[in-house]
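Notes to accompany the following structure.
Read the figures in this text as sums done on the coordinates, not as results from a lab. Predicted, not measured: the structure shown is a model, and the values here were computed from it. When we count neighbours, we look across all protein chains shown, and the Cβ atoms used for this are built from the backbone with ideal geometry, even at glycine.
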Amino acid sequence: MDSKDAATTVKLSGKPSQVSIDPNNTIYMGIAIRKELAMWIEEAGQGPTVAARLDAVDYLKDLDSDVARAALASISANEAVDSEIRQAATSALAVGESR
């Protein structure tokens, strides 16, 4: 790759339920990802890797959205969820409350 920016468009036959970009965090740089809130929530709760789920929780914490806060609260309270992700969701809720 010989430029700072890259973009791609993918045509699909239908709307995907989830899109995860670099779920293993192998690209060590900032990636700007645009997708619907429902997809961020799905990734936070059911993403393919812990790293992908933590990235989604981090994204949700910065939103001024009751839906995002409800998703974070659900993840935080769900004992079936990995403890690292639950803790991140709990911390994200605390950040939102301090604003």
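Can you tell me how segment 2-65 classifies by the Cα gyration tensor, rounded, prolate or oblate, using a/c under 1.5 as the rounded cut? List each step's numbers first, then the result.
Details: a/c = 1.55, a/b = 1.17, b/c = 1.33.
Oblate, because a/c is 1.5 or more while a/b does not exceed b/c.
May I ask you to compute the full-extension gain from D82 to N24, defined as 0.36 nm times their residue separation minus their alpha-carbon distance, rounded to one decimal in nm?
Numbers: separation 58, 0.36 × 58 = 20.88 nm, distance 1.61 nm.
Computed gain between D82 and N24 is 19.3 nm.
To the nearest 20 debye, what is the magnitude of the charge dipole of the chain about its Cα centre, counting +1 on the Cβ of each Lys and Arg and -1 on the Cβ of each Asp and Glu?
On the way: 10 positive and 15 negative charges, 48 e Å.
I would put it at about 240 debye.
Could you give the size of the charge dipole of segment 21-63 about its Cα centre, using +1 on the Cβ of each K and R and -1 on the Cβ of each D and E, expressed in debye and rounded to the nearest 20? Intermediate results must be reported in sequence, preceding the final value.
Working: 4 positive and 7 negative charges, 4 e Å.
Here the size comes out at about 20 debye.
Indicate the gyration tensor shape class of segment 37-97 (rounded, prolate or oblate), computed on the Cα atoms with a ≥ b ≥ c the square roots of the eigenvalues: a/c under 1.5 is rounded; otherwise a/b larger than b/c is prolate and the rest oblate.
Details: a/c = 1.57, a/b = 1.20, b/c = 1.31.
Judged from the Cα gyration tensor, segment 37-97 comes out oblate (a/c at least 1.5, b/c at or above a/b).
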